[in-house]
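J.: Mind having a look at this structure? Questions to follow.
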Amino acid sequence: ASARAATAAACALTRGDGDASAAAAARLHPTMLPVPTLRHLHVPHYHQLHVARSMAGAAGDPPGKDDEEKFLTYKQLDAKIADWRAEREAEAASSAAHDADAGAAPAPPAASVPTSTETSVLRVLSVFTQLFPLWCVLVAVAGFYCPPLFTWFDTSMTTNGLMFIMLGMGITLTLDEIKRVFSKQPQLLLLGMVLQYTVLPCIGYLIAHNWGLSNGLAIGVALVSCMPGGTASNIMAYIAKCDMGLSLMMTTASTLAAIVVTPLLTLNLVGTLVAVDAKAMFMSVLQLVLAPVLIGATVNTYAPQLVLRVKAYMPFAATLMCVLIIGSMVASNAAVVAAAGLQIISAVTVLHACGFSLGYFVSKGLGLSDRIARTNSIEVGMQSSALAGVLARLHFSDPTVVAPCVCSAVVMCTLGSMLSGYWSLTVKDER
């Protein structure tokens, strides 16, 4: 009976069945170790196996006084737990000291638990952020029919607002994560960036030269097609159940690559229509994109406690800033948009519709999964119209160049929200 009870206790313990092992151990001997303490105190598996082997090893004879040393008693278990915890604490202290000596960035602090009020506020702000396409349409209409609502948000504020958006992207990253962007899933990332910087620029070039647009509007269309992915694409990718990791990587990588690629593409596409100072545009992109992203990532790497609570609010702040930029661009160019009318709206609609379609069908033609194809579709079809508008204001004297950037933001978000909403309703969740 003692052998059977010991074997049952050992088997139940290795299965992780605390109740069964406790009952078996109680039948074995009332003074021996109650097994549930192992589960509740989170003792490593090798201690559990030691107890199980001890029980099984003593199963041949009823436990007598000489055999009690084969079992873990309360006192022995407490000693082992204390030793294990001391080992873990010593290892953690040694690792921290080694990182400090090597000059490594400190580990991020544990996030404090938000209060119920803060949780409710963050939930409301999250809903606001996900309704970004709706706000784009509403502020565009408001800015068009009532320009004074947004004309106070001038060019300097628009520039600073865009830098703030890029800073917000930066504080969600660390320097190591930026390095890993180009090493994680490199084939998919490379394909996505190639599609992003070839499909839309080619379509933009064809529209600019064949749509019968005025010179300023043609420049604006070509400029929009040369932009990197915008943060709005990540919102749409989330709604459309895309590969969020790949979406974020493509946005980050295309934003960093824009420092060189955007001026070069603009020089080759727009340079056929008007003289372009590629060096000045390079410096603008460097200031507007790279500097804020690197500053934010550096702060998040070496002083994470400074941005720990701020990061949760950055998507809302970036969305609000982007909405203000769009409203400002519409309000300051309401007359130009009204004059261009259907012609410019149809041009940017075709531009983004082709981007969404080709991004999806080219990916499917290459044998990629539907999830990756949806991700590429969103990333190729949605560009940073806000960056295009700021560059248009800074580098082109013709005010009509901004009009396609304004219309692009509204049309892009409308098409993107419709497409992502359709996929959200029709596509099953994919692991």
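J.: Which residue out of Val330, Val402, Val380 is at pLDDT 90 or above, within 30 Å of Leu286 (Cβ to Cβ) and open to solvent by less than 10 Å² (accessible area, probe 1.4 Å)?
T.: Only one candidate passes the filter, namely Val380.
J.: Which residue out of Ser156, Ser116 is at pLDDT 85 or above and among the small types (Gly, Ala, Ser)?
T.: Ser156
J.: Which condition from (1) without any contact (Cβ under 8 Å) to a residue 60 or more places away in the chain; (2) part of a helix (DSSP H, G or I); (3) surrounded by fewer than 21 Cβ atoms within 10 Å (Cβ to Cβ) is the one that Gly367 breaks?
T.: Exception for Gly367: condition (2).
J.: Within the range 347-354, identify whether any single residue is under 22 Å from Leu190 (Cβ atoms) and either surrounded by 15 or more Cβ atoms within 10 Å (Cβ to Cβ) or polar (S, T, N, Q) (or both), and answer yes or no.
T.: So in the range 347-354, the residues under 22 Å from Leu190 (Cβ atoms) come out as 354.
Within this subset, residues satisfying the condition of being either surrounded by 15 or more Cβ atoms within 10 Å (Cβ to Cβ) or polar (S, T, N, Q) (or both) are 354.
Within the range 347-354, one or more residues are under 22 Å from Leu190 (Cβ atoms) and either surrounded by 15 or more Cβ atoms within 10 Å (Cβ to Cβ) or polar (S, T, N, Q) (or both).
J.: Within the range 146-154, is even one residue among the aliphatic types (A, V, I, L, M) and closer than 17 Å to Gly359 by Cα?
T.: no
J.: Give the residue, chosen from Lys184, Lys179, that is free of Cβ contacts under 8 Å to residues at least 24 places away in the same chain and of a type outside the set (A, V, I, L, M).
T.: On the way: Lys184 fails: free of Cβ contacts under 8 Å to residues at least 24 places away in the same chain.
Step by step, each of Lys184, Lys179 is checked, and only Lys179 is free of Cβ contacts under 8 Å to residues at least 24 places away in the same chain and of a type outside the set (A, V, I, L, M).
J.: For the structure I just gave you, tell me whether Phe132 is closer than 21 Å to Ser417 by Cα and buried (at least 19 other Cβ atoms within 10 Å of the Cβ). Walk me through it before giving the result.
T.: Numbers: closer than 21 Å to Ser417 by Cα: yes; buried (at least 19 other Cβ atoms within 10 Å of the Cβ): yes.
Taking the combined requirement at face value, the residue satisfies it.
J.: List the residue pairs whose Cβ atoms are under 6 Å apart, where the first residue sits in the range 413-431 and is buried (at least 20 other Cβ atoms within 10 Å of the Cβ), the second is at pLDDT below 80, and the two are 6 or more positions apart or on different chains.
T.: Filtered contacts from the range 413-431: Cys413/Pro133; Ser417/Pro133; Ser420/Ile239.
J.: Additional query: Which one of these is open to solvent by less than 10 Å² (accessible area, probe 1.4 Å), within 20 Å of the chain's Cα centre (by Cα) and within 23 Å of Ala257 (Cα to Cα): Ala373, Ala388, Ala392?
T.: Ala373
J.: So, in the range 123-149, how many residues would count as being under 28 Å from the mean Cα position of the chain (by Cα), part of a helix (DSSP H, G or I) and either under 15 Å from Gly230 (Cα atoms) or not charged (D, E, K, R) (or both)?
T.: So the count comes out to 16.
J.: Filter the range 301-315 down to residues that are under 15 Å from the mean Cα position of the chain (by Cα) and surrounded by fewer than 19 Cβ atoms within 10 Å (Cβ to Cβ), then give me how many there are. If you could, list the steps in order and put the result at the bottom.
T.: Within the range 301-315, the first condition is being under 15 Å from the mean Cα position of the chain (by Cα), and the residues that meet it are 311-315.
Keeping just the survivors that are surrounded by fewer than 19 Cβ atoms within 10 Å (Cβ to Cβ) gives 311-313.
Result for the range 301-315: 3.
J.: Just the residues that are of a type outside the set (A, V, I, L, M) and either outside any helix (DSSP H, G or I) or modelled with pLDDT of 80 or more (or both), please, taken from the range 257-273.
T.: Thr262, Pro263, Thr266, Asn268
J.: I would also like to ask the following. Is it fair to say Leu324 is surrounded by fewer than 21 Cβ atoms within 10 Å (Cβ to Cβ), touching a Leu at 6+ places or on another chain (Cβ under 9 Å), farther than 27 Å from Gly212 by Cβ and aliphatic (A, V, I, L, M)? So that I can check it myself, show each step before the final result.
T.: Details: surrounded by fewer than 21 Cβ atoms within 10 Å (Cβ to Cβ): yes; touching a Leu at 6+ places or on another chain (Cβ under 9 Å): no; farther than 27 Å from Gly212 by Cβ: yes; aliphatic (A, V, I, L, M): yes.
So Leu324 fails the test.
J.: Also, quick follow-up: Can you pull out every residue in the range 279-300 that is open to solvent by 20 Å² or more (accessible area, probe 1.4 Å) and either modelled with pLDDT of 85 or more or among the basic types (Lys, Arg) (or both)?
T.: Lys279, Ala291, Leu294, Ile295, Thr298, Val299
The values are calculated or read from the model by the stated rules, or taken from the named source; none is laboratory data. Everything quoted here is computed from the prediction, not taken from an experiment. We place every Cβ from the backbone using ideal geometry, glycine too, and count neighbours over all the protein chains shown. Note: areas computed on protein heavy atoms with side chains; ligands, DNA, RNA excluded. Shrake-Rupley method; radii C 1.70, N 1.55, O 1.52, S 1.80 Å.
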